[in-house]
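Peer 1: Here it is: the structure, laid out below.
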Amino acid sequence: MKLAKRTAIITGAGSGIGKTTAADTSEQEWERIMGVNLVGVFLCTKYCVPEMEKTGGGSIVNIASEAGLVAICNQAAYNVSKSGVSAFTKNSALDFADKNIRVNCVCPGRVFTPLVEKVISSSNDPDTTFRELSEDRPLKRIGKPEEIAAGILFLASDDAKYAIGTVLSIDGCYTAC
């Protein structure tokens, strides 16, 4: 894989509040989640694009979530913010394609990160929790960080020159169900 000759920017902040419905979410929590998950992507794009234009182009890879592609019960604010990242990616791809700036998005599923590891280890029954978090995926396992990184690297590379406005799901087939 050839690394991009131009600047590649990856946005990846994410925040949630646990399991709450829209009715149970305070306006302050809603705004905080939108600020981290969606406004952060907007600001990164807003300030990176002019710099990319000066150098003749570049690649932006936004990180959303499987929750940006399908609704997940009791995750209203998180779902909306990550759906917004997917939509913003497509809009930005249209807006900046003629400037040789490729904008794409990766939507990871559940990945064995320190946060997921903490959820498992702090549960009353870690083995059962691990099994439950694995078995709701068609592949029956939690993803690995390097599997997500491979998709990001591809979209940021020169091998993906024709990929613009792509929303790439890397989720163990979760969103195909």
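The values are calculated or read from the model by the stated rules, or taken from the named source; none is laboratory data. Note that the coordinates shown come from a computational prediction; the quantities given were computed from them, not determined experimentally. Using ideal geometry, Cβ is built from the backbone for each residue, glycine included, and neighbour counts are taken over all protein chains shown.
Peer 1: Across region 29-59, what is the number of residues that are assigned to a loop (DSSP other than H, G, I, E, B) and closer than 15 Å to Val106 by Cβ?
Peer 2: Result for region 29-59: 0.
Peer 1: Residues being within 17 Å of Gly165 (Cα to Cα), touching a strand residue (DSSP E or B) at 6+ places or on another chain (Cβ under 7 Å) and aliphatic (A, V, I, L, M): count how many of those fall in region 53-99.
Peer 2: The total comes to 7.
Peer 1: State which residue pairs qualify: first residue farther than 22 Å from Asn37 by Cα and inside region 49-64, second residue aromatic (Phe, Trp, Tyr) and not in a loop (DSSP other than H, G, I, E, B) in any location, beta carbons under 9 Å apart, and separation of 6 or more residues or different chains.
Peer 2: As it stands, the answer is Met52/Phe96; Glu53/Phe96; Gly57/Phe96, since those pairs meet every condition given.
Peer 1: Which of the following residues is modelled with pLDDT of 95 or more and out of contact with any strand residue (DSSP E or B) (no Cβ under 6 Å at 6 or more places or on another chain): Glu117, Glu146?
Peer 2: Glu146
Peer 1: If you check every pair at least six apart or on different chains, which have Cβ atoms under 6 Å apart with a residue in region 109-130 that is touching a residue at least 60 places away in the same chain (Cβ under 8 Å) first and a residue that is surrounded by 16 or more Cβ atoms within 10 Å (Cβ to Cβ) and of a type outside the set (Asp, Glu) second?
Peer 2: Gly109/Gly143; Gly109/Gly172; Gly109/Tyr174; Arg110/Ile142
Peer 1: Any chance you could count how many residues in region 37-49 are over 13 Å from Val80 (Cβ atoms) and among the aliphatic types (A, V, I, L, M)?
Peer 2: 3
Peer 1: Of everything in region 74-86 that's in contact (Cβ under 8 Å) with a residue 40 or more places away in the chain and of a type outside the set (A, V, I, L, M), which residue is nearest to Ile152 (Cα to Cα)?
Peer 2: Ser86
Peer 1: Which of the helices (runs of 4 or more DSSP H) contained wholly in region 60-177 include at least 2 residues that are within 14 Å of the chain's Cα centre (by Cα), surrounded by fewer than 16 Cβ atoms within 10 Å (Cβ to Cβ) and not charged (D, E, K, R)?
Peer 2: 145-156
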